[in-house]
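Here's the structure, in structure tokens; my notes come after.
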Amino acid sequence: MTGPDRGRGVPRELSRAEIDDFLRGQRIARLGCSARGEAYVVPLIYAYDDGAIVAVTTEGRKTAMLRENPRVCVEVDEYDLDGRGSWRSVIAYGTFAELAGAAVEHALTLLRDRFARTAGRAAEPRPLGPDVVVLQITLDDISGRAVER
């Protein structure tokens, strides 16, 4: 490539299949929530399945804000560290729900499978503490972009 765009790369839209693969492969999202005119963004370790993010967190500012206003924004990105400057990013809007009953076990299974420390062996279930919240964010408006150099 020659001219003014040389070396900059041109962003392209990711397909839904590429977005799903990307979200399944990443581990940390940035969760944006808002309540009472205040915005709050926090990192969130997650698992992704069937159009939703699941995570485990504890009671606090984030959960209070999510309960007050369940509409959220989620951002996940990856920057290519090989020196070429390639990147991928997904931004999604969605709705928070606090899980209960059988949905909790399904979410915990997804998280255990995603973060199992010993290859070939499932992580052992652990009891949840009293202030633990298992959450799901159903993504309903999602887009992704990438630059490959």
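Throughout, read-outs are computed from the coordinates displayed, never taken from laboratory work. What you see is a predicted model; the values in this text were computed from it and never measured. Note: ideal-geometry Cβ built from the backbone for every residue, glycine included; neighbour counts use all protein chains shown.
Worth a mention:
- VAL147-VAL41 FRET efficiency (beta carbon distance; Förster radius 25 Å; 0.05 resolution): 0.60
- Packing order of peptides 59-66, 35-42, 132-139, highest average first: 132-139, 59-66, 35-42 (average count of other Cβ atoms within 10 Å over each peptide's residues).
- Packing rank of 103-109, 50-56, where each peptide gets the mean count of other beta carbons within 10 Å, highest leading: 50-56, 103-109
- Residues of region 131-149 with amide N under 13 Å of the 7 Å Cα→Cβ point at SER86: 146-149
- Rounded to the nearest 500, the 222 nm mean residue ellipticity of the chain from helices alone is -6500 deg cm²/dmol, with -39,500 (n - 2.57) taken per DSSP H run of at least 4 residues.
- Here P(r) over Cα pairs in 10 Å bins from 0, in percent was computed from the coordinates, and among [x] 10, 30, 28, 19, 10, 3, 0; [y] 12, 45, 34, 9, 1; [z] 10, 36, 31, 16, 5, 1, 0 the match is [z].
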